[in-house]
Amino acid sequence: MAKSNTTGNTTGKTAAKTEHTDVHAITRQQLLALGLNDVAYVRDVEVDGATAFGIFAANGQQLAVMPDREAAVAAAWENGLAPVTIH
């Protein structure tokens, strides 16, 4: 993966280095892992003929099923994941 560091320091202080990733050089595995530990997708699912709300990892793996959207969103936040709703 191609990276570049920039400092842009003109104040005489030690500058923080910022890493940038070239999105054109990302591998398939890196793309699949994006958001895996940060994002949870919430969408409606059918369970025994009723609507419930599934929580899914970025790779599509189902993590949990909750009775309503609010509970699913709360569960995602409680587990350190930013919920994203899918329609």
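Which members of segment 38-87 meet the condition of being of a type in the set (Phe, Trp, Tyr) and part of a helix (DSSP H, G or I)?
Restricting attention to segment 38-87, the residues satisfying the condition of being of a type in the set (Phe, Trp, Tyr) are 41, 53, 56, 77.
The answer is Trp77, and nothing else.
Which ones in segment 33-46 are more than 14 Å from the chain's Cα centre (by Cα) and open to solvent by 60 Å² or more (accessible area, probe 1.4 Å)? I'd like the intermediate steps shown before the answer.
Here is the first cut: in segment 33-46, the ones more than 14 Å from the chain's Cα centre (by Cα) are 43-46.
Passing the criteria: Arg43, Asp44, Glu46.
The values are calculated or read from the model by the stated rules, or taken from the named source; none is laboratory data. All of these numbers come straight from a predicted model, not from anything done at the bench. Side chains included, ligands, DNA and RNA excluded: accessible areas come from the protein's heavy atoms. Shrake-Rupley method; radii C 1.70, N 1.55, O 1.52, S 1.80 Å.
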